[in-house]
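Written below as structure tokens is the structure these notes are about.
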Amino acid sequence: MPAIQMPMRYGHPEGHTDVCFDDSGSCIVTCGSDGDVRIWKDLNDDDPKSINVGDRAYSCALKKGKLVTSVSNNTIQIHTFPNGAPNGILTRFTTNANHVVFNRDGARIAAGSGDFMVKVVDVMDSSQQKSFRGHDAPVLSVSFDPKDIFLASASCDGSVKVWQISDQTCVISWPLLQKCNDVVNAKSICRLAWQPKSGKLLAIPVGNTIKVYRRETWRNEFDLSDNFITLPLNVVTWSPCEKYLAAGSLNGYIVVWNVETRDCMERVKHEKGYTICGLAWHPTSKQIAYTDAEGNLGLLENVCDTDGTKSSSKVSGMGNKVYNELFDGDDDSDNDDSGDFLNENTEFQLTSKGRTNYEDDEDDLMLASGYSRHRNPILEDDDSSVEIALTGKGSRREKEEKDESTCALPLTVSQRTYYDGPMPSPQQKPFQSGSTPLYLTHRFMVWNSIGIIRCYNDDQDSAIDVEFHDTSIHHATHLSNTLNYTIADLSHEAVLFACESTTELASKLHCLHFSSWDSSKEWTVDMPPNEDIKAICLGQGWAASATSALLLRIFSIGGVQKEVFSLPGPIVSMAGHGEQLLIAFHRGTGFDGDQCLGIQLLELGKRKKQILHGDPLPLTRKSYLTWVGFSAEGSPCYVDSEGIVRMLNRKLGNTWTPICNTKEHCKGKSDHYWVVGIHENPQQLRCIPCKGSRFPPTLPRPAVAILSFQLPYCQLATEKGQMEEQFWRSVIFHNHLDYLAENGYEYEESIKNQAIKEQQELLMKMFALSCKLDREFRCMELAELMTQNAVNLAIKYASRSRRLILAQKLSELAVEKATELAASLNEEEEDFRNKLDTSSTTDWSHHRIINHKTEENNSEDSEEADEIEVKADLHNNRKNPFCKNGNSADGLLIKSVTSSHQGRVNPFKVSNSSKESTISINSTPSNILDNMKKLSKKSTEPNRTANKEKSPVLKPLIPKPKSKQIPATNFFQACTSQTDKIVEEKENPENSLSDSPAPSSQNIENERPKTGFQMWLEENRSNILTDHPHLSQEPDIIKEGMNRFRMLSDEERKAWTSKAKGGATNEAETKKRKQPSSDSTKQREQEKPKENLKLTKKQKLLDVSTNQKLLAFAFKKD
């Protein structure tokens, strides 16, 4: 029966790990690079006893209640077992001791050190020491002859020596190993071993074979090898019966030979192929404990079990008890009834719990006929194991035939086929990002950028502490953990908990919505039967839970059940940020230690869509996922067990780019960084350094370190490689700005401008470096990444460097970029106009309806408020109405003019026909908003972000609608400039008439004075600034003033309006003002269909005479 390989478990951090059994085999003892010695009751012991012996433990040995260890402080220490009390230091070396072993009776120990010396020390009297000198390099391993006559040692000098202990002389030396200067450089640690009882043979691992030498003759008796061993063997150990020899190799193979027949009995491969560095055979049972170079502990059962029995140390001590429990005294009278069953010679195997390998419902062992089976026990004490066989009624012949077949089994077993193909990897269990393992009594349930949740599971109390980094969000909270919550998440709005189901209670999802405005701030949801919550996360206004039924359930933050959908595979982890939900799951079975994971990215806002559709998640070879989440700016990221941090590159087809390797910042191999947060602006990786472990302790509170990012580019030691890495890192880390702009989030325009500036500076530096290296083609490649201004600078640099061909090529590239820019602007404006035509609820059409109703029905004070906004917009657009624009073929746009009933001319109305461009100035006026164009996105972005508070970290927000109302900027400056212009025209009527076509006198006479709101604001400006000292910009003051002016009563506003107009107006003037208004309304209704057609057509140039008239009107000539 082949050996059974039990699942491995974590024992120590990465590094050399040693293992041994105690005398009875009831405990497994391991030591590792963390300096701890752990005592395991069995492989499933979740809480092994730990004894700290130093900073690093290299080897351990146990005999007769004494535990000795070789520690990094160059000493051999002794502790009591199993209490672990220190009992002194046996000996010291000048460097680390690499290996320590007991002799057979436990009276002496032998140790080999890096100072080329081997010592034998008496345990009871450490002053009795013997030193063995003769090696020329560090000693790798030592082994006692069971008769205490000889001592064998292997060294980095390539020799294996046998010493006579009595006179400390070298009996023989074999040059078998490859020479090296230190243990860390040795290809094999060469753990040699004598036969444990007779000591006749000495086994030495040499390369891919084991050389066996006979005692006293020191002749090489035979070699043991196997075709599957391709890398050197590391360690060997004998079975207690001396019949079998086991060895572990560097590529993870454990091979067992029968020494007598020299056949390979067992061949087992490490599940991840790690190096086997520790091997120990159970003293009484058919078990082998082994450790690897990554600190994991494993166990092989039923090693060389030719009878098909399953051995266990626990079973061996309770054989009669187990037998009596299973077989409860049947009579011999039932033998005849069970003859058919007995002829099958069926055998039952006992597990470590004393049960058969059948299911629970087969414990009664009843035949189909209803009669109980007769059981005739045969207890054989072979290696203290229990063998329970069901045989016929005392048939000696059958027993003899069975024994003969058993003896012949080794030959058959050695010939069986062996599968050496890819082995499936155990699937990673679900985890919560930012949490520590469940088996810890004090653990972090979550640590993220919002706060920390700790869980305490002591014997006295079970509680949860919630702490916020920013106490303004919420105060710290202490909760009782009566339902045994194991998963938690934390956001700006709520705290989310989940627990697994029990026999009495269902799995629960519990939310503390502390940001709720009502008094009920908690809600709980029970999962359906047989459905456990495996992962949870929180977003902006929603919560999600993934269950064992492969379902993902979404809830509102108030507890309303929303969408439910199926997952493609078992959940691994998930995270939320704003409207984004990131899900990692098993999409298949991995092989050779690799995990096969998939990733989904969904947006749960108003426009629900899926970004990543279960794409494969790239991981480092033989690694697993340790953290998944979002940066503070909303970019998906994750970290694997090898310390590689990756971020989603949205601009490169949603690919994953490695941005940091935390292993490069670790000082030791067993050190790790525990990630808690990622920031893109500033570029920071926030994590906790863990010395000798993968996660931090809860107490004392760990300190957070900040690591820098670095893309894995080539030749980073050169100036070219450094600048390339900086440029592309800047590009990747500012992609989130484009994502925010596309999805309607608000952000600071200055951040993007600064990033573009840095990128162009790096491109110019690389351009200059390429010019110095005569790489002109490379210069052109860099220029293609530049903006228009940077290309112009590159042309100047190339011209001054006398690279005329390069300058010519760059000039052609600049022309292409200008053409592309003009075409893109054309497309953008055409798309914008199409939106205006097709949208019936656009901002400006809605504004026209409001203004039309306002002229007829509303009071004059509301007219003044609208006029303030319009004038401010006019002032913003009136900076240069004749500037170049990409919409025109010649780069010059002339706006047509329409006049109002007051004689004011609007030079910004777009006209596409020559007839409309020569409309009479005295024509009936239309609403001024009809003559305006909606500002482009670029012009509204600064206004949209002007009042936005600056913050280095973007919090997850629901996309806000863009601002629809243009602030009335520089309103009073516009009015002042208009008034000054009117005065000058009155003083010099001749000049004005000669410079421009004779406008109607109504244009000058009907120029409006200050409105009532303006006069009110001038008098109350000081009060507004006193109440709001933070209002420093004019638009903010005007906005506050408009709010206050509207809060006045109707009488007060009418009084200010009358004051502005200089008294009551007569009825004639009122009729005169109303008559043009009615005429303008009719004209506006007639022009509406024409304007809709005009918006879809391209603008045309006006003739020269019209251009001169407009120029004369807009600019006063001297």
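Rolling a 1.4 Å probe across all protein chains gives Leu567 an accessible area of roughly 10 Å².
Kirkwood analysis of the stretch 660-707, using all unique Cα-Cα pairs, places the hydrodynamic radius at 11.1 Å. Computed packing ranks the peptides 674-681, 465-472 as 674-681, 465-472, most packed first, by mean other Cβ atoms within 10 Å. Applying the Karplus relation 6.51 cos²θ - 1.76 cosθ + 1.60 with θ = phi - 60° to the stretch 619-625 yields 3J(HN,Hα) values of 10, 5, 4, 6, 10, 9, 7 Hz, where x marks Gly and Pro. By the equivalent-ellipsoid construction on the alpha carbon gyration tensor, the stretch 470-514 comes out with semi-axes of 24, 10, 7 Å, ordered largest to smallest. Pairs of alpha carbons in the stretch 490-634 separated by more than 22 Å make up 41% of all such pairs.
In this simple spin-label model, placing a label point 7 Å from the Cα along the Cα-to-Cβ direction at both Ala549 and Asp1027 gives a separation of 5.8 nm. In the stretch 571-633, Cα pairs under 8 Å separated by at least six residues give a relative contact order of 30 percent. Compute the signed sum of charges (Lys and Arg +1, Asp and Glu -1) over the other residues within less than 12 Å, Cβ to Cβ, of Ile688. Result for the neighbourhood of Ile688: +3.
The 3J(HN,Hα) values that the Karplus relation (6.51, -1.76, 1.60; θ = phi - 60°) gives for the stretch 570-586 are, in residue order, x, 5, 10, 6, 8, 8, x, 7, x, 9, 8, 10, 10, 10, 10, 8, 7 Hz. Gly and Pro appear as x. The loop-placed chymotrypsin sites (Phe, Trp or Tyr not before Pro) in the stretch 534-637, going by DSSP, include none that has at most 10 neighbouring Cβ atoms within 10 Å of its Cβ. Scattering from the stretch 17-143 was approximated by placing one identical point on each alpha carbon and applying the Debye formula without solvent; log10 I(q)/I(0) at 0.21, 0.22 1/Å stands at -1.20, -1.30. A cut-off of 5 Å between modelled amide H atoms, ignoring neighbours fewer than 5 places along the same chain, links Glu746 with Lys960.
When the alpha carbon coordinates of the stretch 702-819 are projected onto the principal axes, the ranges are 59, 38, 18 Å, largest first. The residues Leu438, Leu201, sorted by heavy-atom accessible surface at 1.4 Å with ligands and nucleic acids left out, run Leu438, Leu201 from largest to smallest. Give me the log10 of I(q) over I(0) for the stretch 79-133 at q = 0.13, 0.24 Å⁻¹, as the Debye formula computes it from C-alpha points; what are the numbers? Calculated log10 I(q)/I(0) at the listed q: -0.32, -1.02.
DSSP loop (so not H, G, I, E, B), at most 13 other Cβ within 10 Å: list which trypsin sites (Lys or Arg not before Pro) in the stretch 557-617 pass both filters. Sparse-neighbourhood loop trypsin sites (Lys or Arg not before Pro): Lys606, Arg607, Lys608. Amide H contacts for Gly614 (H built 1.01 Å from N in the peptide plane; partners 5 or more residues away or on another chain; cut-off under 5 Å): Ile599, Gln600, Leu601. Amide H contacts under 5 Å for Asn481: Ser462, Ala463, Ile464, restricted to partners 5 or more places along the chain or on a different chain, H placed in the peptide plane at 1.01 Å from N. The three principal axes of the C-alpha atoms in the stretch 470-546 carry coordinate ranges of 40, 25, 22 Å, sorted with the longest axis first. The alpha carbons of the stretch 500-539 occupy a box of 36, 21, 12 Å along the principal axes, longest dimension given first. Each of Val564 and Leu505 was given a label point 7 Å from its Cα along the Cα-to-Cβ line. The distance between the two points is 2.2 nm. Modelled spin-label separation between Asp592 and Ala741, with each label point placed 7 Å from Cα along the Cα-to-Cβ direction: 4.5 nm. For a distance above 25 Å, tell me the whole-number percent of Cα pairs in the stretch 109-254 that qualify. Across the stretch 109-254, Cα pairs with separations above 25 Å total 25 percent.
If you roll a 1.4 Å probe over the stretch 180-287 with all protein chains in place, what percent of the accessible area is carbon or sulfur? Roughly 45 percent of what the probe reaches on the stretch 180-287 is carbon or sulfur.
Applying the Karplus relation 6.51 cos²θ - 1.76 cosθ + 1.60 with θ = phi - 60° to the stretch 123-133 yields 3J(HN,Hα) values of 6, 6, 10, 5, 6, 7, 10, 10, 10, 10, 10 Hz, where x marks Gly and Pro.
The values are calculated or read from the model by the stated rules, or taken from the named source; none is laboratory data. Given the structure is predicted, the values throughout are model-derived calculations rather than measurements. Don't worry about glycine lacking a Cβ; one is built from the backbone with ideal geometry, like all the others, and counts go over all protein chains shown. Quick note on the areas: whole protein, heavy atoms, side chains included, nothing else; ligands and nucleic acids left out. Shrake-Rupley method; radii C 1.70, N 1.55, O 1.52, S 1.80 Å.
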